[in-house]
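What follows is calculated from the coordinates using simple rules that are stated; it is not laboratory data. Everything quoted here is computed from the prediction, not taken from an experiment. Every residue, glycine among them, receives a Cβ derived from its backbone with ideal geometry; neighbour counts consider all protein chains shown.
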Amino acid sequence: MPDIIQLLPDHVANQIAAGEVVQRPASVVKELLENAIDAKSTSITLVVKDAGKTLIQVTDNGTGMSPSDALLSFERHATSKIKIAEDLFKLNTKGFRGEALASIAAIAHVSLKTKLHDQQIGTKINVEGNKVVGQEQAVVPEGTTIAVKNLFFNIPARRNFLKSNPVETRHIIDEFHRVALAHPDIAFTMTHNDDLVFNLPLSNVRQRIVNIFGSKTNEKLVPVAETTDILKIDGFVLKPDFAKKSRGQQFFFVNDRFIKSPYLNHAVNAAFEGLIKPSLHPGYFLFLEVDPKSIDINIHPTKTEIKFDDEHALYAMVRATIKHSLGQFSIAPVLDFNRESSLDTPYDYSNKPPVTPTIDVDKDFNPFSATPKQKNIDFPYKRDKSSAHWDSLYVGLNDTQATDGSYSPETHLSFESEQVTGSLFQEQGPVSAQLTFQLQNKYIISPIKSGMMVIHQHLAHQRILYEELLKNITVHQGVSQQLLFPLELPFSIPDMEVLQKIQEQLEYTGFVFGAFGEDTLSITGIPAALLEDQACMVLEQLIQDIIDEVPDAGFSQNDLLVRSMAKSMAIKTGVALNSKEREHLVNQLFMCKEPSVSPSNQAVIITLDANDFDKKFI
Ligand code: ADP
Ligand code: MG
């Protein structure tokens, strides 16, 4: 058999390498920013267009490159950062693999302008798909500008796989955060589609965090600091009260490099144990310094995973240091200038005997009545007779239920022998309240001709809200309730970006926005079915869902938005519903186009056949 092994041509090898290094526009942002830092810049500018799909450009005032280095920088495995294998064990640069520029140039149009500090003339180079298509001397500023255009122009499948602009922008901003947080001694700016998104002057870590995440962050930070022989820890954790449902602000840096470490994350969680609910995630900005010899960052091309020599010791130290800081913070509040004054005990209370608090229960509490606190989940349209054909499920039931809506043991049910078929659905009146009761504050049980129907209250309400909101957003007629006092909600700048991108759709659901401030959003109207104090949670969840959007799930942005809102607005399990509320919910459910499945495809209703019960009573 003849020899069959061949060396891959460079452009093919580069495309394969590109697949590992460049997954999305944000990967390019990361590599270019890191190169600028390695070049000892003190000021770095990032310019992005169309979520990086059209342009990503990084300008720095670093060392610059000579004309021949500029050409060489696009070769694979060309690097100025390591020379011999031992250098790998004392890395103090971000890059060292010499792959990034070659990978990026393999799948985009790249132009480079660069000039060394002591030179008059610099270099301009254009590269397309790894081919140098132009090189000339040019008068350019000191430092380097690299512009990456038309990412994945030669790999349409990859280009099509990119997510929506808000999602890709969010990933870019995440990378920007990571780099900017690790280097407060470098000034950064970022613009997106000509809007200034960040302008971060030289500062310290605390100020950098505040500049990125908004002024309210300052009072949430608890300093963390510890130095031992093998580790130096510095940084901040967020006070336990600000733990979030989503893993928003969680940053580990090792030797100024952002890393992902589920193991160390676990150590932080362990330090917060008992202070926050297990379902919440603490926020942290932690900077670890270790001997470069004791870590291996060479295990992944994107260099976000690293291996520590002595993981167990690090774990114990991270946990203990944070515990200590949190302890100091809560037992020595006098030393904390940011403490909540509302927690102080007024002096005249200190001698008062304790009084047992009384609990007032509102027996008439009705989550569906249209009082100002609780909103009705009414549809804006009237019941459509032709589609409301579920009622005859109830045909054949004896009408002697207890009047308070609970189920009386005397109730007689007559089970008809005929099978449940489509013909069951004949026009009758709406479901009678006496026909339902609630199990475990979770299920609505209703006897039907063939046995009984079990409705999941949370999923049912999700379906109702989903169809209502989807209709509003599609026909652009959301029903809005004006707020007497506008809500002022704090959001981080990147979250604000996401909200701005979906502003129009949100308005169709009934939101009315005032000003989009730097870190506060003013809301003057909310969807009719939304409670005022739910608004912040619904929007936060929505931002998170947009960021976590499953690739290729085939859902439109509207669908995602509406699913997310319906899920957070829907009445939860654990809420007791009285007969009127149950009736209302069931009626509305059966007016839906698809009452039997939730927006995320879970069953909403199951039916249990009485014949099966009969079999059990033998
Ligand atoms: P690596 O960063 O792993 O060395 P890259 O492909 O990212 O590999 O870059 C290749 C080389 O190009 C770098 O080693 C560096 O010498 C040079 N280079 C890249 N970007 C810059 C920049 N902004 N300023 C100065 N030199 C740069
Ligand atoms: Mg690099």
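Details
- Percent breakdown of C-alpha pair distances by 10 Å bin, ordered from the shortest bin, for segment 55-95: 22, 46, 30, 3
- With K and R counted +1 and D and E -1, the other residues having a Cβ less than 13 Å from that of P25 yield a net charge of +4.
- Positive minus negative residues near N130 (Lys, Arg vs Asp, Glu; Cβ under 10 Å): -1
- With a simple spin-label model that places each label point 7 Å from the Cα along the Cα-to-Cβ direction, the separation between F617 and K572 comes to 3.8 nm.
- Neighbour-limited loop hits for GluC sites (Glu not before Pro), segment 484-557 (at most 11 other Cβ within 10 Å; DSSP other than H, G, I, E, B): E518
- Pair-distance profile P(r), taking every C-alpha pair of segment 90-186, with 5 angstrom steps and integer %: 2, 11, 13, 17, 21, 18, 12, 4, 1
- Virtual spin-label span in nm between E289 and D559, 7 Å along Cα→Cβ: 5.2 nm
- Cβ-derived FRET efficiency at R0 41 Å, K40 paired with Q503, nearest 0.05: 0.50
- Cut-off 9 Å between beta-carbons: net charge of the residues surrounding A108, Lys and Arg +1, Asp and Glu -1: 0
- log₁₀ of I(q)/I(0) at q = 0.09, 0.19 Å⁻¹ - segment 10-200, Debye sum with one point per alpha carbon: -0.30, -1.43
- The residue list G525, S450, Y466 was ranked by how far each Cα lies along the charge dipole of segment 443-606 toward its positive end, using unit charges on Cβ atoms, and S450 comes out on top.
- Here the Karplus curve 6.51 cos²θ - 1.76 cosθ + 1.60, taken at θ = phi - 60°, turns the phi angles of segment 124-134 into couplings of 10, 9, 10, 10, 10, x, 6, 9, 6, 9, x Hz, with x standing for Gly and Pro.
- Neighbour-limited loop hits for GluC sites (Glu not before Pro), segment 1-59 (at most 15 other Cβ within 10 Å; DSSP other than H, G, I, E, B): none
- Prolate/oblate/rounded label for segment 192-293 (Cα gyration tensor, a/c 1.5): oblate
- Rg over Rh [alpha-carbon atoms, Kirkwood Rh] for segment 443-606: 1.01
- Spin-label proximity, A320 to segment 205-228 - amide N less than 17 Å from point 7 Å beyond Cα toward beta carbon: 224-228
- Of the GluC sites (Glu not before Pro) found in segment 123-192, the ones in coil according to DSSP and having at most 16 other Cβ atoms within 10 Å of their Cβ are E142.
- Projected label points at I4 and L202, each 7 Å from Cα along the beta carbon direction, are separated by 6.2 nanometres.
- Nearest-0.05 FRET efficiency for L88 and M537, computed from C-beta distance (R0 56 Å): 0.75
- Remark: segment 10-200 carries a charge dipole of roughly 380 debye about the Cα centre, counting +1 on each Lys and Arg Cβ and -1 on each Asp and Glu Cβ.
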